[in-house]
Amino acid sequence: MTTAEAFAGGAAQPRGYRPIGDYALIGDCHSAALVASDGSIDWATLHRFDADPVFCRMLDAGRGGFWSLHPRDAWTSSRAYLPGTNILRTVFSTASGEVAVTDFMPVGRQLDAGVNDYVRLNAPAWIVRRVECLSGVVEMETAYRPSRAFAREGVSLAAECGVVDAGAEMPRLFAELDYKLEHDLATAAWTMTAGACRDLVLAGNTIAGQAPADRVAEFLAATCAFWTEWIGYCRYRGPFETEVRRSALTLKLLTYAPTGAIVAAPTTSLPEGIGGERNWDYRYCWVRDSSFALYALAVLGYSGEAGCFHEFLLGVISRSLPEVRPLYGIDGALDLTETTLDHLEGYAASSPVRQGNGAYLQRQIDGYGQILDLALMYQALGGKLDRQYRRLLEAVANFIAAHWSEPDQGIWEMRGPPRHHVHGKLMCWVGLDRAARLLGDHWKAAARAIADDIRVCGVSADDGALQQAYDGGTDAAVLLAPMLGFASPPGTLEATIARVRRTLGRGEFIGRYVGEDGLEGEEGAFLVCSSWLIDAELAAGRIDTARSMIEKLVGCANDVGLYAEEVVPDDGRMLGNFPQALTHLGLIGNVINLQLAQRQGADRLTGSYADRAHAAVSATFGWRGVLSGMLASRRFARIFSSRRSKLAWP
């Protein structure tokens, strides 16, 4: 039996690889790291999400870098985020005592940040590991092996005065330990007694004359204040509040603060199917996610993040016209050339490992409609459309009008021949429908023409359901039709739900589609498709069914509340890049829509994201948004943010 077969069948865990769901995320809104329950950091980038990783053992157990930290003797562990934060605390229990490891990446507001400003941030590009002995005596050990250029180039380590140096343009490890060096590996062991505390700091940046350990307490306090203050502005109150808040904290972690871009995930090439080739680089910003992201951020009350993300998208799109790319670099880069890293075996022998994403050159017509949908929501929540913005929207609408009748690669970035995808046609209708509402009635006729075409060519003659494409097939993406405000023929929603359940159902989960897509191998069940089915059930008026499905979706999180892109239907093991922004966005949307349906009826859900967002919060931007946020979050007394959440750097 191969490694891939053993893992797929649940018979064995691949040697050297932790389950994807075993990891917790820490980060500083610039980059991120994944920490396993055994105390090993097996993936991390510094400075920016799309940088070459300093640790990449998740992609090659033999040669990838890592940073382990745990007791020498047999131990058990438990972990959780500190309440209201993205600071991870893992407690290791041994026969002789207990230690707690607190892992975080320092982040805080800039010193001149204004009232309620949590988007202009300082981050020194550090990973901090604070070890505290809670009781007894515990022997600890650590191993450190950094990666350079995705472990393509060798690293030579030098240690002096408690500092491990890996050479030029590499971070340095600071800890008062007696390291033993062997080629690219540094190891150390020490004894801790009750009450003792030791800090280990991997520093991407340092200040001459300042020892990083001297600022750990300061940075920990500022980082804790930053996260707790930020989540305190969350407007949502209701069912699944704990899960919504954790998803909001995760989305903030996945935001690249310098531009406001949100990455789909902080990792690359974690497989959608063990042993297969469906391994992609997700460290970029997808236009596909834009309406979901703005809806979630706005409804939760995060006007700063929503505004920055919105401005980022407008800026990059104006630079790529007439094309709206499916995805962009987090700094606005247009060239995301895809290469394969053949020297890495891939997670659990799932190759190739990819850097970059070739889908950036695909024609995905749905992205154009997303931009106009985004603009309508922005306006409905109090944003202003200036002349420049309207010119951009006119250009996008003109492109839709000229090209909507052409085939494309679809929302799932299929690498086969283009087809007339129904979801793409739906989003073209969305684009011109929103253009009519924003720019003038002259777009109404074109929108009607697209709608008529969908009703004629996109509905199956066999069962009356929306198809994947005009030539047939089944696709979970068409479940979005009622949430887009599209008026399907009578009975179409029910038929579509039944067809998706019948054809794409995989136990309690839903697949994306069936059929040829130009790739080898299989994939797991796509969690956001379950979210779309939940919304469709809500739109159909089956509120109890939807709530039960949300409860099952909530149960798919790992022990610290994080979701992957996909799961193995048989046992719920996680697949794909991790954690996945779109899954967290889907859950937030489900919960907000459930609350809307319960309070105002299922009919309130059909329409645009703008309609639902306005119904949920009335306003996000401007003074109306500030007042609405104070009322919803019940923070009447606090108008000014705390100085404690500011982080002094350099």
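Annotation for Thr340 and Ala445: the two label points, set 7 Å from Cα along the Cα-Cβ direction, are 5.1 nm apart. For the chain, carbon and sulfur atoms together expose 50% of the accessible surface, with a 1.4 angstrom probe and every protein chain in place.
Stokes-Einstein diffusion for the chain, with the hydrodynamic radius set to the Kirkwood value over Cα pairs and evaluated at 25 °C in a medium of 0.890 mPa s, equals 97 µm²/s.
Report the gain in length on full extension from Ala221 to Glu520: 0.36 nm times residue separation, minus Cα-Cα distance, nm rounded to one decimal.
Full-extension gain reported as 102.8 nm.
May I ask you to derive the FRET efficiency for Lys552 and Thr242 from their Cβ-Cβ distance with R0 = 22 Å, giving the value to the nearest 0.05?
Values: r = 16 Å, r/R0 = 0.74.
Rounded to the nearest 0.05, the efficiency is 0.85.
Can you order the peptides 151-161, 448-458 by their average number of other Cβ atoms within 10 Å per residue, highest first?
Details: 151-161: 13.8, 448-458: 17.0.
Final packing ranking: 448-458, 151-161.
Computed from Cα positions, the angle between helix 622-633 and the longest principal axis of the chain comes to roughly 70 degrees.
With the cut-off at under 17 Å, measuring from each backbone N in the range 411-438 to a point 7 Å along the Cα-to-Cβ line of Cys457 picks out 411, 417-432.
Within the same chain, lysines fewer than 8 places from Lys425 are excluded, and of the rest, those with a Cα less than 26 Å from its Cα are Lys444. For the chain, the longest principal axis of the alpha carbon atoms and the long axis of helix 216-232 meet at an angle near 20°. Within a straight-line Cα-Cα reach of under 23 Å, Lys646 can be paired with the following lysines, leaving aside sequence neighbours fewer than 8 residues apart in one chain: Lys252. Spacing of the modelled spin labels on Asp38 and Ser156, each 7 Å from Cα toward Cβ, amounts to 3.1 nm. Measuring gaps between exposed loop sites in the chain (chymotrypsin sites (Phe, Trp or Tyr not before Pro); DSSP loop; at most 16 other Cβ atoms within 10 Å), the longest gap, sites not included, is 1-635.
For the pair Ser135 and Ala74 in one chain, pulling the backbone fully straight at 0.36 nm per residue adds 20.4 nm over the alpha carbon distance. Along the Cα-to-C-beta direction of Glu406, a point sits 7 Å from the Cα; which residues of the range 325-343 have their amide N less than 16 Å from that point? Counting only backbone N, you get 325-326.
Rounded to the nearest 500, what is the chain's calculated 222 nm mean residue ellipticity when only DSSP H runs of at least 4 contribute -39500 (n - 2.57) each, over all residues? Don't jump to the answer; show the numbers that get you there.
Working: 16 runs with 212 residues, N = 650.
Using -39500 (n - 2.57) per qualifying helix, the result is -10500 deg cm²/dmol.
For the chain, the longest principal axis of the Cα atoms and the long axis of helix 387-403 meet at an angle of about 70 degrees.
Taking R0 as 30 Å, what's the FRET efficiency between Ser318 and Glu494 from their Cβ-Cβ distance, rounded to 0.05? Present the calculation step by step, with values, prior to reporting the outcome.
Working: r = 41 Å, r/R0 = 1.38.
The calculated FRET efficiency here is 0.15.
Which FRET efficiency value, to the nearest 0.05, is calculated for Val91 and Asp112 with the Förster distance at 56 angstrom and r the Cβ-Cβ distance?
Details: r = 38 Å, r/R0 = 0.68.
Taking R0 as 56 Å, the efficiency between Val91 and Asp112 is 0.90.
The values are calculated or read from the model by the stated rules, or taken from the named source; none is laboratory data. Note that the structure is a prediction, hence the values are computed from the model and not measured. Cβ atoms come from the backbone with ideal geometry, glycine included; neighbour counts cover every protein chain shown. We work out accessible area using only protein heavy atoms, side chains counted, and drop any ligands, DNA or RNA first. Shrake-Rupley method; radii C 1.70, N 1.55, O 1.52, S 1.80 Å.
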